[in-house]
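In what follows, a single structure is set out as C-alpha cells and then discussed.
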C-alpha cells in the first residue's frame, strides 16, 4: 500500500467508524469505589484500569477513584451463517457464498496501520484469518470482501490477551463487541500485589478493592524486592561510572590498604546476634513515647515499638543497641540508637523518622540513629536480597575508625574534630574496583560484591575499618561470609566527592 493509499484508507476507516458508531449503543463505563490495603488503610496513587476497555484512573488521598468513559459498543455475536464475518479471540472468520478476494487491514485506535494479515482470494465456504495476538484496548479492522468494505471497532474483553471481538453481516457492516465477555479491573500500586477483579457489568459503584502488601511482617521480614526510597535517591543510584576522587589513594591508604573487608553480620556465629536486626510492623502496632538524651536532634515520635522488637547485640548489649522498625502501611522507617526498654518508659540516645517514599534529608547538622545523620536500614546487607532476590540494588553501610570533621549529602552530620583532607567525611562513597576478580566466590557472595562494584558503600559511622553492616539471619552461611575477608582495602576507590560541608 502506497503512502497516499494509506492516508485515504485511514481517513475512510475513521469516517466509517464515526458513522457506524453513531448507529449503535455506546458502552458507557461508570465505576466508582475505594482501594484499601489489608489493614483497611486507604491506598493513595493506585492505578485502577479497565484492562481491555483502555480506561484508567488513579486513587486520591482517600483511596477513592472514579472510572468513566466510552469503552466501545455492544451487540451480540451472531451465528456464522453464509454472508457473515465474525471476529473473536483475534481470529477473523468468514462464511463466503462464493470465491472472493479478501483483504484484511488491522489498525490501532488512531487508524494507524499495524498489519495486513490477509490479501488474496478465499472461499467459497468457511475461512479464517489470524489477526494477531497481543492487541489491547480499542482496535480498528477493515475487511474488504470483493468490492465491499467493512470496518470494525472492537474492545478486547477476553482474558487471553487477544483483542478483536466483533461481527457483521457482509451486506450490513456493523461494529460490535461480545456482550457476554467479562472484563476486569486491574489495581496496581507500589509495594502491593496487583489485584484483578472480574466485572459482570461496566455499571457498578461503591466497589471496595483490597490489595495486599508485598512486604512481609516480623523480624527480618522479606521485602520481596521492594526498595526503600525513590529510585533517584542516593542510596539507590549506581556509582560505577562516576569519576574518581583526586584524594582517593590517600584516603584509602589512611583507612588501610591491607585491612580486610569485614562482614559485621552473621548467621549462627555468636548465637546469631551479630549485625543490626530490623522488624516490619503494620499500622495496628501501638505507638509509644520515647525519652531522648539528644532530644534537640531527635524526631519526637511516638514510635511503633513492638513487644518483641529486636535490639542490636541482644537485650543485655552494651553496644549501639539500635532498633530499626519499618511500618509498612505508611511506609515509614523508625530508628533508635542506644535504646532501652521500659522501666518508667522507653529511652534512647537519639531517634529519627524517615518517610521511605521521599528523598527528604534530615535538617543540616542533625544526627540520626547513625553518626552521619543517615538512615541505617537502607544500607544493610539482607538475606532476602542476597539469597532470594539475588540482587542488592542499593549502596551498603560501612564504618571507619577515624573520620573527618565534614560530611557529604545525603549525610547531615559529622562526628570528628579532625580536619585532615585525607580522612573520610561522613557520607563518603567508595566502590569495589571494576578490575577485582570475583568469579571465584560463591553465587551469594558475588551478589554482595557486585553491589559493591555498582552501588558502592557509604561511610556512616565511626567504628572498625572496613566493617560492612548487615542484618543477622540464621540462614546465612558464616563460612561463606568469611570469604569476603579476602577483599582488602586496596581493592576500593573513592567516588568523587561533591557538596562537602565542613562547618
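Here, each number is a calculation from the coordinates, and none is a lab measurement. Everything numeric here is computed off the predicted structure, so don't read it as measured data. Because the Cβ atoms are built from the backbone with ideal geometry, glycine has one as well, and the counts that use them run over all protein chains shown.
For the listed peptides 321-334, 394-407, a ranking on the average number of other beta carbons within 10 Å per residue, highest first, reads 394-407, 321-334. From the Kirkwood radius over Cα pairs of the stretch 413-503, Stokes-Einstein at 20 °C and 1.002 mPa s returns a whole-number translational diffusion coefficient of 144 µm²/s. Mean separation of Cα pairs under 8 Å and 6 or more residues apart, divided by the residue count, gives the stretch 271-386 a relative contact order of 25 percent.
Sorting the segments 378-385, 115-122 by their residues' average number of neighbouring beta-carbon atoms within 10 angstrom, most packed first, yields 378-385, 115-122.
Stokes-Einstein at 4 °C, 1.567 mPa s, Kirkwood radius from Cα pairs: D for the stretch 218-494 in µm² s⁻¹?
69 µm²/s
Put the Cα centre of the stretch 448-503 next to the Cα centre of the stretch 331-381 and the gap is 20 Å. For the stretch 218-494, DSSP calls about 60 percent of its internal beta bridges antiparallel.
Shown for 131, 107: other C-beta atoms within 10 Å of each C-beta, ranked fewest to most, produce the order 107, 131.
All distinct Cα pairs of the stretch 248-389 go into the 1/r average, and the inverse of that average, the Kirkwood radius, is 16.5 Å. Packing around the peptides 281-294, 33-46, taken as the average count of other Cβ atoms within 10 Å per residue, puts them in this order, highest first: 33-46, 281-294.
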